[in-house]
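Following: one structure in structure tokens, then a few remarks.
The values are calculated or read from the model by the stated rules, or taken from the named source; none is laboratory data. Owing to the predicted nature of the structure, the values given are computational and were not obtained by experimental measurement. Heads up, the Cβs are rebuilt from the backbone with ideal geometry, glycines too, and the neighbour counts pull from every protein chain shown. The accessibility values were calculated without ligands, DNA or RNA, using every heavy atom of the protein model including side chains. Shrake-Rupley method; radii C 1.70, N 1.55, O 1.52, S 1.80 Å.
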Amino acid sequence: VNQEPPGLRGQVPLAPYTTFRIGGPARWLVEPEDQTQFAAALRWALAGGVPYFVMGGGANVLVHDTGFDGLVIVTRRLDRVSIDGDRVAAECGVMVDDLVDRCLEHGLTGLEFAAGLPGSVGGAIFMNARAYGGEFAGVVEQVDALVISAGSVTEHSLEGSGLGYSYKKSVFQKGAAYVRRVLLRLKPGDQEQGVRTAVENRRKRRDAGQFAFPNAGCIFKNNYGLGRPTGSIIDSLGLKGAREGGARVFEKHANFIVNTGTATAGDVHRLIQMIEGKVEQELGIRLDREIVLLGF
Ligand SMILES: Cc1cc2nc3c(=O)[nH]c(=O)nc-3n(C[C@H](O)[C@H](O)[C@H](O)COP(=O)(O)OP(=O)(O)OC[C@H]3O[C@@H](n4cnc5c(N)ncnc54)[C@H](O)[C@@H]3O)c2cc1C
């Protein structure tokens with residue numbers, strides 16, 4: 001029998017689950033309370049042929065205005081952390097910014113680069129999130145994953161070296177494995193200095209206006225082969241401030257699109273396509289999207 005996951009809800013608006021504050025409803029949504037429920041929700045979707053999507057902090061997704069005709073599994077209640085020596089075990093739904101503080105409380109340093117980074121540990125592992133000279137690939141020792149193969153879900157431990165990490169890439173982007181829990185290895189270090197760095201990194205984000213409007217961070221990846229960040233490439237075409245409905249290319253950072261209050265996913269998507277078109281037409285450069293589209 002394909003038993004319905006506990007707490008399953010129908011027609012749940014997704015906008016509040018995203019930092020963009022945009023998007024229509026999920027046909028079904030569930031927020032597993034433990035790892036057994038997480039795996040069970042995936043099994044339910046697989047057995048029923050229901051499309052599914054795993055959502056952490058929703059800080060890197062654009063949800064279609066008509067929503068998603070499938071199951072969204074929100075991981076935010078999977079938020080347990082345990083710390084043993086220099087090893088930190090965190091479930092996928094732990095918010096990265098909270099984890100930075102938990103580690104520092106235990107005198108462990110090395111995660112301060114991620115202070116102020118919106119989203120969950122699972123999402124950060126998926127994208128190999130990076131900031132201020134650090135990236136998740138540098139601190140991950142092991143990931144306990146749910147692996148989907150031939151319609152079944154099994155648990156596997158993947159070593160850090162087997163995660164296919166490079167710039168903003170990981171094996172999880174192939175969509176056949178999900179992060180349950182992460183084991184990080186940090187360093188016992190200067191706690192006060194670590195706290196100062198974390199505070200400073202959060203301040204830099206605030207000062208850059210990153211939290212002034214709902215957004216989803218960078219829309220495009222950088223291409224280091226081009227010698228300058230994608231934001232400056234977009235800016236060089238005079239696109240800062242360009243608008244589509246309620247969506248706007250952010251004046252302070254051209255690789256951000258902000259929701260000025262009334263943006264639809266359609267507005268944002270048109271703006272993305274406009275930027276891609278201009279950059280390709282005028283500079284012959286194909287931009288690589290970082291943002292994850294859901295329901296498109
Ligand atoms: C203001 C702002 C600033 C940002 N700055 C940065 C930055 O400096 N550096 C940076 O790298 N990013 C940045 N981002 C983007 C975002 O913070 C990261 O991509 C973050 O890691 C997304 O995590 P999430 O939990 O919100 O993922 P979500 O948006 O929920 O999901 C993103 C992808 O991860 C997948 N995913 C989520 N959980 C799991 C899981 N348990 N297992 C497998 N896959 C999973 C989803 O299926 C989806 O494909 C920024 C975003 C915002 C809003």
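Tabulated results
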quantity: Failed item in (1) in contact (Cβ under 8 Å) with a residue 60 or more places away in the chain; (2) touching a Gly at 6+ places or on another chain (Cβ under 7 Å); (3) more than 28 Å from Tyr52 (Cα to Cα), with Val139 passing the rest; calculated: (1)
quantity: Qualifying residue in region 50-63 (condition: open to solvent by 50 Å² or more (accessible area, probe 1.4 Å) and away from the ligand (no atom under 13 Å from the Cβ)); calculated: no
quantity: Which numbered condition Ala208 fails, given (1) at pLDDT below 95; (2) out of contact with any helix residue (DSSP H, G or I) (no Cβ under 7 Å at 6 or more places or on another chain); (3) open to solvent by less than 70 Å² (accessible area, probe 1.4 Å); calculated: (1)
quantity: Condition check for Arg130: open to solvent by 40 Å² or more (accessible area, probe 1.4 Å), within 13 Å of the ligand (Cβ to nearest atom) and over 23 Å from Val199 (Cα atoms); calculated: no
quantity: From Gly122, Gly194, residue being more than 7 Å from the ligand (Cβ to nearest atom), open to solvent by less than 50 Å² (accessible area, probe 1.4 Å), on the phi < 0 side of the Ramachandran plot and not in a strand (DSSP E or B); calculated: Gly194
quantity: Qualifying residue in region 34-44 (condition: in a loop (DSSP other than H, G, I, E, B), open to solvent by 20 Å² or more (accessible area, probe 1.4 Å) and at pLDDT 95 or above); calculated: yes
quantity: Test: residue in region 81-89 that is within 12 Å of the ligand (Cβ to nearest atom), open to solvent by less than 50 Å² (accessible area, probe 1.4 Å) and of a type outside the set (Asp, Glu); calculated: no
quantity: All positions within region 166-177 that are touching a residue at least 40 places away in the same chain (Cβ under 8 Å) and either crowded, with 17+ Cβ neighbours inside 10 Å or closer than 18 Å to Phe53 by Cβ (or both); calculated: Lys168, Ser170, Phe172, Gln173
quantity: From Ala265, Ala242, residue being open to solvent by less than 30 Å² (accessible area, probe 1.4 Å), at pLDDT 95 or above and touching an Asp or Glu at 6+ places or on another chain (Cβ under 9 Å); calculated: Ala265
quantity: Residues located in region 125-143, provided they are within 18 Å of the chain's Cα centre (by Cα) and part of a strand (DSSP E or B); calculated: Arg130, Ala131, Gly134, Glu135, Val140, Val143
quantity: Residue match in region 178-186 (condition: within 10 Å of the ligand (Cβ to nearest atom), open to solvent by 50 Å² or more (accessible area, probe 1.4 Å) and over 16 Å from Phe256 (Cα atoms)); calculated: yes
quantity: Spans of strands (runs of 3 or more DSSP E) in region 211-296 with at least 2 residues touching a residue at least 40 places away in the same chain (Cβ under 8 Å); calculated: 215-218, 256-259, 292-294
